[in-house]
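Trainee: Here it is, the structure in full.
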Amino acid sequence: GSFVRAGISANAWSVSLAGLYELNKTANLYANFSRGYFFPQLRGFAPIATGVTGAEYNPETIISGEAGIKVGTEKLSASVAAYYVTLQDRIRITNSFVNGQLEEVLRDEQNTATFGIEANWDYALAQDLSLRGSFTFQGHEITKNTREDLIANTTTEANVGNKLARQPNILGFIGLYYDN
């Protein structure tokens, strides 16, 4: 029967830079860099009766860079690249009812880093028939993982140095493709 209102604001900036250099008629060197952001989902910041969330609403910063070589001939199209990606300030808020009021009870903040090498190719075996594939090796880890219990007023850090959940180190595929 009543409305609870809250104000949330945030700002962020992003940039993307890239370069391409023709090594010869069949090969190009390239590099790109970007800094961007994700805004946390609003549903994780529930208004409380006082009209404020109590939580900071800062963007999650993602920084990525990649450099590699692309090769293109009549039969082969391929690329090999190295990359690095970080995600900083990934926030997760857990809300719960405390004494009949919705309050933020846990705040998790996580940073991650990934580095890797990736290769892709498409080799024409015959007209309309090619062999395509991809291979990726990546190393990844949690570089910060802080949990703040707002009820108990405690902060803990765990899993720093561990791998990211549900993220493999090796990915790949190979297939025979007919395209006419």
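Trainee: Which members of the range 73-97 meet the condition of being farther than 30 Å from residue 29 by Cα and acidic (Asp, Glu)?
Mentor: Our first condition is that a residue be farther than 30 Å from residue 29 by Cα; within the range 73-97, this holds for 89-97.
The answer is 89, and nothing else.
Trainee: Determine, yes or no, whether residue 138 is of a type outside the set (Phe, Trp, Tyr) and in contact with a Pro (Cβ under 9 Å, 6 or more places away or on another chain).
Mentor: Answer is yes for this residue.
Trainee: Can you find, within the range 98-107, the residue that is nearest to residue 146 (Cα to Cα) among those that are of a type outside the set (Gly, Ala, Ser) and exposed (fewer than 14 other Cβ atoms within 10 Å of the Cβ)?
Mentor: 98
Trainee: From (1) open to solvent by less than 80 Å² (accessible area, probe 1.4 Å); (2) of a type in the set (A, V, I, L, M, F, W, C); (3) farther than 26 Å from residue 69 by Cα, pick out the condition that doesn't hold for residue 151.
Mentor: (1)
Trainee: Another one. Since residue 180 meets every condition but one in (1) at pLDDT 90 or above; (2) in contact with a strand residue (DSSP E or B) (Cβ under 8 Å, 6 or more places away or on another chain); (3) not in a strand (DSSP E or B), which condition does it not meet?
Mentor: Here residue 180 meets the rest and fails (2).
Yes/no per residue for (1) among the basic types (Lys, Arg); (2) out of contact with any Asp or Glu (no Cβ under 6 Å at 6 or more places or on another chain); (3) more than 22 Å from residue 179 (Cα to Cα):
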site: 85; (1), (2), (3): no, yes, yes
site: 89; (1), (2), (3): no, no, yes
site: 97; (1), (2), (3): no, yes, yes
site: 103; (1), (2), (3): no, yes, yes
site: 108; (1), (2), (3): no, yes, yes
site: 115; (1), (2), (3): no, yes, yes
site: 124; (1), (2), (3): no, yes, no
site: 130; (1), (2), (3): no, no, no
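Trainee: Go over the candidates 120, 145, 95, 111 one by one and state the one that is under 30 Å from residue 73 (Cβ atoms), open to solvent by less than 80 Å² (accessible area, probe 1.4 Å) and assigned to a strand (DSSP E or B).
Mentor: Unique residue meeting the criteria: 120.
Trainee: Further question: Go through the range 27-61 and report how many residues are open to solvent by 20 Å² or more (accessible area, probe 1.4 Å), modelled with pLDDT under 80, hydroxyl-bearing (Ser, Thr, Tyr) and in contact with a Pro (Cβ under 9 Å, 6 or more places away or on another chain).
Mentor: Of the residues in that region, 1 qualify.
Trainee: Out of the residues in the range 69-92 that are among the small types (Gly, Ala, Ser) and either over 30 Å from residue 39 (Cα atoms) or not in a strand (DSSP E or B) (or both), state the one that is most open to solvent (accessible area, probe 1.4 Å).
Mentor: Filtering the range 69-92 for residues that are among the small types (Gly, Ala, Ser) and either over 30 Å from residue 39 (Cα atoms) or not in a strand (DSSP E or B) (or both), the one most open to solvent (accessible area, probe 1.4 Å) comes out as 77.
Trainee: Kindly indicate the residue of the range 123-142 that is in contact with a Lys or Arg (Cβ under 9 Å, 6 or more places away or on another chain), open to solvent by less than 70 Å² (accessible area, probe 1.4 Å) and under 22 Å from residue 161 (Cβ atoms) and also modelled with the lowest pLDDT among those meeting that condition.
Mentor: The selected residue is 142.
The values are calculated or read from the model by the stated rules, or taken from the named source; none is laboratory data. Source: prediction; values computed, not measured. Ideal geometry is used to build each Cβ from the backbone, glycine not excepted, and the neighbour counts take in all protein chains shown. Ligands, DNA and RNA are excluded from the accessible area calculation, which covers all protein heavy atoms including side chains. Shrake-Rupley method; radii C 1.70, N 1.55, O 1.52, S 1.80 Å.
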